[in-house]
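Novice: Okay, handing you the structure first.
Just so it is clear, none of the values below were taken in a lab; they were calculated from the coordinates. If you're wondering where the values come from, they're calculated on a predicted model, not measured in any experiment. Cβ coordinates were reconstructed from backbone atoms using ideal geometry, including for glycine residues, and neighbour counts include every protein chain displayed.
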Amino acid sequence: MANKLSVSNLLGIKYLKEDDIYLIFETARNFKEVINRKIKKVPSLRDITIANLFFENSTRTKISFELAQKRLSADVVNFSSSSSSISKGETLADTVNNILSMKVDMVVMRHPSPGASVFLANNIDSCIVNAGDGCHEHPTQALLDSFTLIEDLGDLNGKKIVIVGDVLHSRVALSNIFAFKKLGAEVKVCGPKSLIPKYINTLDVDYEPNFESALNWCDVASMLRIQNERMNQCYFPSTREYAKEFGLNKQKLLKLDKEIIITHPGPINRGVELSSDVIDSGKTVILDQVENGVAIRMAVMYLLASRI
């Protein structure tokens, strides 16, 4: 295994090699031990300053990155677009360059425009971590999802994973497809055909329209949130009908003759993609995903900082 990443930025899973992913996982295992100690802090990034630029609302990802940075002893600057000069017409590149003039070493950015992190990496001289760019990619979520599954399954080689729901608007779905495939898994997508992108077959991924068939096929069901904020038209008749056809509840699980692993990137629409009796049953690994998110993000920033 390589001892350093082949990339200088984390812009998307598609830019990573398999060795990069396993190096991140190995580093994350070490940091997971750290965050479960009584003293949860290490001085690994003591001389590094990181700016968090979130141009979209976020709870889990923003807190997870901040916590990871503080666990690594980095200096942290938080940026809010609503109170910035962007609202006065300043460009993204100018805003970031002004921040970098204050001697910031790394930028963690979430932005509503697909490709924003790539644009930034091509136009500024700093290390960029993509925390989600529109409907494009969310690489750290895919890394923590894969890491969580490997903890339970040992590896993903030959495992069957179905991604269910709003694949069309999900950056998590695309990053997960890239990650799962790189790690040897078989991947299918399931959901209303209106929420499945037309290019899905070009990713070597099959579409399964029947949720019951998908559950009987899979080892893992990766449930996605219906992203109402990204929809400018009606993609299915009603939320109630969606939940009936593609929502996972205890009755559907009881019909299976096997145990499956259930993941969800959050936030969850209770009663839509997952029912409360599934969420609260202990059959999901959602809280493990949240815990692993801090360790994965610590690993990513530590490994990228070693290239600065």
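Novice: Roughly what angle does helix 18-35 make with the longest principal axis of the chain, taking Cα atoms, 0 to 90 degrees, to the nearest 10?
Specialist: 80
Novice: Kindly write out, for the range 155-172 in residue order, the coupling ³J(HN,Hα) from the Karplus curve 6.51 cos²θ - 1.76 cosθ + 1.60 (θ = phi - 60°), rounded to whole Hz, with x marking Gly and Pro.
Specialist: Values, residue by residue: 7, 9, 4, x, 6, 9, 10, 10, 9, 10, x, 7, 5, 4, 9, 9, 6, 5 Hz.
Novice: Please give the helix 60-71 orientation as an angle from the longest Cα principal axis of the chain, in degrees from 0 to 90, rounded to the nearest 10.
Specialist: 40
Novice: For the range 298-307, in order, what is each residue's ³J(HN,Hα) by Karplus, 6.51 cos²θ - 1.76 cosθ + 1.60 with θ = phi - 60°, in whole Hz (x at glycine and Pro)?
Specialist: 4, 4, 4, 5, 5, 5, 5, 5, 5, 9
Novice: What Kirkwood radius, in Å to one decimal, follows from the Cα pairs of the range 252-308?
Specialist: 13.6
Novice: I've got another one for you. Please compute the net charge surrounding K40, taking Lys and Arg as +1 and Asp and Glu as -1 over other residues with Cβ under 13 Å from its Cβ.
Specialist: For residues surrounding K40, the net value is +4.
Novice: Follow-up question, since we're still on this one. From the phi angles alone, apply the Karplus equation (6.51, -1.76, 1.60; θ = phi - 60°) to the range 249-255 and give each ³J(HN,Hα) in whole Hz, x where the residue is Gly or Pro.
Specialist: Going residue by residue, I get 10, 5, 4, 5, 5, 5, 6 Hz, with x marking Gly and Pro.
Novice: About its Cα centre, how strong a charge dipole does the chain have in debye, to the nearest 20, once Lys and Arg get +1 and Asp and Glu get -1 at the Cβ?
Specialist: The calculated dipole for the chain is roughly 500 debye.
Novice: Of the candidates S175, S275, S213, which one comes out as most mobile in a Gaussian network treatment of the chain with C-alpha springs shorter than 10 Å?
Specialist: Looking only at S175, S275, S213, the biggest GNM fluctuation is shown by S213.
Novice: What would the Debye equation give as log₁₀ I(q)/I(0) for the range 143-224 at q = 0.13, 0.18, 0.23 Å⁻¹, counting only Cα atoms as equal point scatterers?
Specialist: Debye intensities relative to I(0), on a log10 scale: -0.34, -0.66, -1.10.
Novice: Further, regarding this structure: Determine the shape class of the range 24-139: with a ≥ b ≥ c the square roots of the Cα gyration tensor eigenvalues, call it rounded for a/c under 1.5, and otherwise prolate if a/b is greater than b/c, oblate otherwise.
Specialist: prolate
Novice: For D75 and K244, compute 0.36 nm times the residue count separating them, minus their Cα-Cα distance, and round to one decimal in nm.
Specialist: 56.1 nm
Novice: What fraction, in whole percent, of alpha-carbon pairs in the chain exceed 28 Å separation?
Specialist: Beyond 28 Å sits 38 percent of the P(r) for the chain.
Novice: Another question, if that's okay. I need to check one value: relative contact order of the range 89-192, counting alpha carbon pairs closer than 8 Å and at least 6 residues apart, in percent.
Specialist: The value is 22 percent.
Novice: Provide, as a two-decimal number, the C-alpha radius of gyration of the range 118-180 over 2.2 N^0.38 Å, N being how many residues it has.
Specialist: Against the empirical 2.2 N^0.38 Å value, I get 1.30 for the range 118-180.
Novice: So for the chain, taking the charge dipole from beta-carbon charges (+1 Lys/Arg, -1 Asp/Glu), which of P209, F79, P112 sits furthest toward the positive end?
Specialist: Comparing the listed Cα positions along the dipole, F79 ranks first.
Novice: Based on the alpha carbons, how large is the Rg to Rh ratio for the range 139-289 when Rh follows Kirkwood?
Specialist: The Rg/Rh ratio comes out at 0.92.
Novice: Something else about it: If I build a Gaussian network model for the chain, linking alpha-carbon pairs within less than 10 angstrom, which residue out of V220, V278, V294 has the largest mean-square fluctuation?
Specialist: Of V220, V278, V294, the Gaussian network model singles out V278 as fluctuating most.
Novice: Taking Rh as the Kirkwood radius, which is the inverse of the mean 1/r over Cα pairs, what is the Rg/Rh value for the range 94-207?
Specialist: Ratio of gyration radius to Kirkwood radius for the range 94-207: 1.06.
Novice: Between K255 and K193, what is the FRET efficiency for a Förster distance of 25 Å, r being their Cβ-Cβ separation, to the nearest 0.05?
Specialist: 0.60
Novice: How do R307, R171 rank when sorted from fewest to most other Cβ atoms within 10 Å of their own Cβ?
Specialist: R307, R171
Novice: Now, a different point. Run the dipole for the range 139-289 about the Cα centre, Lys and Arg Cβ at +1, Asp and Glu Cβ at -1, nothing else charged, and hand back the magnitude in debye, nearest 20.
Specialist: Dipole size: approximately 380 debye.
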